[in-house]
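A.B. asks: Have a look at this one.
The values are calculated or read from the model by the stated rules, or taken from the named source; none is laboratory data. Because the structure is a prediction, the values reported are computed rather than measured. No Cβ is skipped: glycine too gets one built from the backbone with ideal geometry, and neighbour counts run over all protein chains shown. In case anyone asks, the SASA skips ligands and DNA or RNA and just uses the protein heavy atoms, side chains included. Shrake-Rupley method; radii C 1.70, N 1.55, O 1.52, S 1.80 Å.
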Amino acid sequence: MSDMTIVRTSREEIEVYRFGPVISVLVPLLALLIQAFVPARWHGFAVLDLPLLVTIFFAVTRRSQMAGLMTGAIIGLVQDALTHQAIGLYGIAKTVVGYGASSLGVKIDVENPGTRLLVTAGFHLVHQTVYFVVARNILGVALEWLWARTLLAALLNGVAAVVLFAVLDRFKRST
Amino acid sequence: MENFFSRYRNASLLMLVLFAQVMGLAVQVKRTETGGTRLLRFWVVNAIAPLEKSLVSTSHGVGNVWRNYVYLRGVRHENRDLREQVERLRIEQVRLSEDAAQARRLQALLGFKEQFISQTVAAQVIGSSGSDQSHLVYIDKGSSNGIKPDMAVITPDGIVGKVLSVYHGYSQVLLINDPSSGVGAILESSRLQGILQGTAAGETMLKYVMSDEKVVAGERVLTSGGDRIFPKGLPVGAVQQTNPGSDLFLNIRVKPAADLGRLEEVLVVTRVVETTPSTAEPSGPVRAADILAERLPSVPQKAPAGSAVGAATKPTTNVTTPSNSTAPSSAAGAQPSKPGAVQSQTAGGDATTKPAVAAPKPATANTGGATPDTAATKPAAKPVTTTPPAKTSGAATADGAATKPAVVKPAATKPAGSGDVGKPKPTKSAGQPPKPATPPPPPPGEEISR
């Protein structure tokens, strides 16, 4: 059974976790701070999207669609405010991801590192796709879809998620 | 209906949130950044930026202790290398000053106006957008330091970007590799002009250079001054690769001179002065015979009225004196300011002036910990007066502390031929080239309004 990492389970078998209010505010804030601070010194870090990873983590752990989409929307809008682009681009993308991740968290077990890597890489692609479509079609921003770069970024974010989720697991509490 | 919403409550909420954000985007497309959008940005920046600033201060403090007190390995070797470099640069400076003087004479003859940076504010980079789609950085200087939108941001290596949004203590700087950025640029040797734009991948491309032109890799790219943001002649980068484009233009990839991925300190150009160079500026050491010739009575030459040469040899007199600005001040004990000089002030309070005719390089701002503003050094009240700033300590020139230099009116500021020139007093100082007995009048400036 140990090699069957992704298994469809009944809703009752999946444990739902919650977080204290301090963690719920502090972790996204820290993620946004690191995301804004580090790329100014090392631009390569911008390939990672820590706010996205935090959104996915909270969504799949809480397993509440409403909480997931609201977490994604708030983190995305704050991230938008740090850019010079229109506010709502990251908001929409992360709302979709938050909703999707929480929906997936209800259906499958995402405690395994392999699952986490795949789920995060997949949602990173979803995030980039939504961002690309909205920016190009609503705002008319001339964006290029770079396949190699996007796939590499998805993989790197997946690897980072494995490490980050293991750290954040320490803060979750069973309901 | 009620049953439908209760059954699909989460999906309905998702649609509602998405709809609200799409509507928000649609509103922003139509109007400029005002109202709620501005407010959210204001809140977020004012919440995140102080944390970033404290992080930068802490890391600089730790770094300084390590570098200045603990890790001093290789300092002797580095010192020797730097001394050799100084010697090389001195030799180069002699040659360049000759070229510069010649260029000034030619510019004056042709009636060209040249721009030079007269005031900068040193700032530290405290953060970024953190996004690959938005290439911008935050600096720790804002409206309280005299920063305004559309001001040029540079480093000693080259241009960085322009100020996009200004808050009270912070500013957003749009980097030149952002797709929405545009800089007027010119190739140094071929003199081909184009527009430097960023790409989604964070590269910089020189566009609108015709495909039948020959552009070689390695050629330097400078600002053309056509964008009215960056003064002409600042280094932009070097041509990295050239490919024929799909249309009539070449695809020229440019490697920026400034390392945009590792920015720490930058200079914001707060004032640019436009001036017509004067041919009266001496180019080298003054001979005794020249001084004697000036003292002796001579028959004044009558230049024909409206003569191009006669007009060009006199500096332009249409001086626009802003309320708080005049001609650039020179370093304490140094020569009077020359056109094309970039002036900044280091942490120690020393103002450094570098000649920069074709490609002015700003003085490196040593802004470890505190970054004193060059804006703090108030120039003289009259544009015709050269005002060396008083030498002050770093603490005295900290933010907000305006340093008013003593106003010095050298007799040499009067045009040649006036009575004061009869008793020249050449200044002599160790390690400096001989100074002219009659320093030229400082260039009358015309500030470019932003």
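Residue-wise test of (1) more than 9 Å from chain B (Cβ to nearest Cβ); (2) within 22 Å of residue B:181 (Cβ to Cβ); (3) within 13 Å of the chain's Cα centre (by Cα).
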site	(1), (2), (3)
A:97	yes, no, yes
A:107	yes, no, no
A:111	yes, no, no
A:146	no, yes, no
A:149	no, yes, no
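A.B. asks: Any idea how many residues of region A:82-95 are within 8 Å of another protein chain (Cβ to nearest Cβ) and either surrounded by fewer than 24 Cβ atoms within 10 Å (Cβ to Cβ) or touching a Ser or Thr at 6+ places or on another chain (Cβ under 6 Å) (or both)?
C.D. replies: Residues flagged as within 8 Å of another protein chain (Cβ to nearest Cβ) and either surrounded by fewer than 24 Cβ atoms within 10 Å (Cβ to Cβ) or touching a Ser or Thr at 6+ places or on another chain (Cβ under 6 Å) (or both) within region A:82-95 amount to 6.
A.B. asks: Out of A:73, A:67, A:46, which single residue is assigned to a helix (DSSP H, G or I), out of contact with any helix residue (DSSP H, G or I) (no Cβ under 6 Å at 6 or more places or on another chain), within 11 Å of another protein chain (Cβ to nearest Cβ) and small (Gly, Ala, Ser)?
C.D. replies: It is A:67.
A.B. asks: Tell me the residue from A:116, A:136, A:149 that is touching a Leu at 6+ places or on another chain (Cβ under 7 Å), in a helix (DSSP H, G or I) and among the basic types (Lys, Arg), please.
C.D. replies: A:136
So that you can scan it fast, the table gives a plain yes or no per residue for (1) within 23 Å of residue B:198 (Cβ to Cβ); (2) surrounded by 14 or more Cβ atoms within 10 Å (Cβ to Cβ); (3) modelled with pLDDT under 95:
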residue	(1), (2), (3)
A:105	no, yes, yes
A:112	no, yes, yes
A:115	no, yes, yes
A:121	no, yes, no
A:135	yes, yes, yes
A:141	yes, yes, yes
A:157	no, yes, no
A:160	no, yes, no
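A.B. asks: Given the structure, is residue A:146 over 22 Å from residue A:70 (Cα atoms) and out of contact with any Ser or Thr (no Cβ under 9 Å at 6 or more places or on another chain)?
C.D. replies: So residue A:146 fits the description; yes.
A.B. asks: Can you pull out every residue in region B:154-199 that is open to solvent by 30 Å² or more (accessible area, probe 1.4 Å) and outside any loop (DSSP other than H, G, I, E, B)?
C.D. replies: B:162, B:164, B:182, B:193, B:195, B:197
A.B. asks: With the condition kept exactly as written, say whether any residue in region B:85-108 is among the β-branched types (Val, Ile, Thr), surrounded by fewer than 11 Cβ atoms within 10 Å (Cβ to Cβ) and within 30 Å of residue A:39 (Cβ to Cβ).
C.D. replies: No, that holds for no residue.
A.B. asks: Please enumerate the residues belonging to region A:32-43 that are aliphatic (A, V, I, L, M) and within 7 Å of another protein chain (Cβ to nearest Cβ).
C.D. replies: A:32, A:33, A:36, A:40 - these are the residues of region A:32-43 that are aliphatic (A, V, I, L, M) and within 7 Å of another protein chain (Cβ to nearest Cβ).
A.B. asks: Which of the residues that make up region B:130-142 are touching a helix residue (DSSP H, G or I) at 6+ places or on another chain (Cβ under 7 Å), modelled with pLDDT of 90 or more and facing another protein chain (nearest Cβ under 7 Å)? Before the answer, list the steps.
C.D. replies: Here is the first cut: in region B:130-142, the residues touching a helix residue (DSSP H, G or I) at 6+ places or on another chain (Cβ under 7 Å) are B:130-132, B:137-138, B:140.
From what's left, modelled with pLDDT of 90 or more: B:137-138, B:140.
Of everything in region B:130-142, just one residue is touching a helix residue (DSSP H, G or I) at 6+ places or on another chain (Cβ under 7 Å), modelled with pLDDT of 90 or more and facing another protein chain (nearest Cβ under 7 Å), namely B:137.
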